[in-house]
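**Student:** My questions all concern the structure below.
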Amino acid sequence: MAATTTRTVSRNLGRLNAKTTAFFLCDIQEKFRPGIHAFASVVQILEVPLIVTEQYPKGLGHTAPEIDISHASLVDAKTKFSMVTEAVAQKLRELDTRSVVLYGIESHVCVMQTCLELLDNDYDVHVVADGDPKFKQISNLVKEFQAAAKTNELLHRKRASL
């Protein structure tokens, strides 16, 4: 986003187009379950493609069973912090994605790395702010890198309009 001005970023923040948006579910797995707020409410909120990653599923388990990911466009196992694996990058190109709504519970690591990598690749990023109690620790840094810090209020408004 280096060539993008702050004015352009500000104008685009909060505007989601279902045709060019993907919902990223970052590592919502059994071992991380205690950190999840409003666990069931994150399921199938937006009518956009769902991309799911699982951090080292052999050791940490698969996506928590309460979350139905059967409709996901992609479920990808990963061993790096960012969700932007080769398979995810390819899927984003196939879907002509321009913006990402990012939700996860390891904000200080996986969500932040994903956010920064997406921003480096000129995506508009909307981070669900109340997905992780650690989010407050990084919210200022995320804002500094021009990502939109969202709460589930945005998602509730979208659900109400469906």
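The values are calculated or read from the model by the stated rules, or taken from the named source; none is laboratory data. In this text the structure is predicted, and so the values were computed from the model without any measurement. Neighbour counts are summed over all protein chains in view; Cβ atoms, including those assigned to glycine, are modelled from backbone coordinates with ideal geometry.
**Student:** Applying the selection to the range 74-111, what residues are surrounded by fewer than 17 Cβ atoms within 10 Å (Cβ to Cβ) and in contact with a Pro (Cβ under 6 Å, 6 or more places away or on another chain)?
**Tutor:** 77
**Student:** Next question, about the same structure. Pairs only if they're at least six apart or on different chains, beta carbon under 8 angstrom, first in the range 6-24 and farther than 19 Å from residue 113 by Cα and of a type in the set (Gly, Ala, Ser), second modelled with pLDDT under 70 and not in a loop (DSSP other than H, G, I, E, B); list them, first residue then second.
**Tutor:** Filtered contacts from the range 6-24: 14/148; 14/150; 14/154.
**Student:** Kindly provide the set of residues from the range 44-85 that are touching a strand residue (DSSP E or B) at 6+ places or on another chain (Cβ under 7 Å) and part of a helix (DSSP H, G or I), ordered by number.
**Tutor:** The answer is 57, 60.
**Student:** Further question on the same structure: Which one is modelled with the highest pLDDT, of the residues in the range 99-148 that are farther than 24 Å from residue 17 by Cα and part of a loop (DSSP other than H, G, I, E, B)?
**Tutor:** The residue in question is 105.
**Student:** Look through 48, 43, 52 and report the one residue that is modelled with pLDDT under 65 and not polar (S, T, N, Q).
**Tutor:** Result: 43 is the single residue among 48, 43, 52 that is modelled with pLDDT under 65 and not polar (S, T, N, Q).
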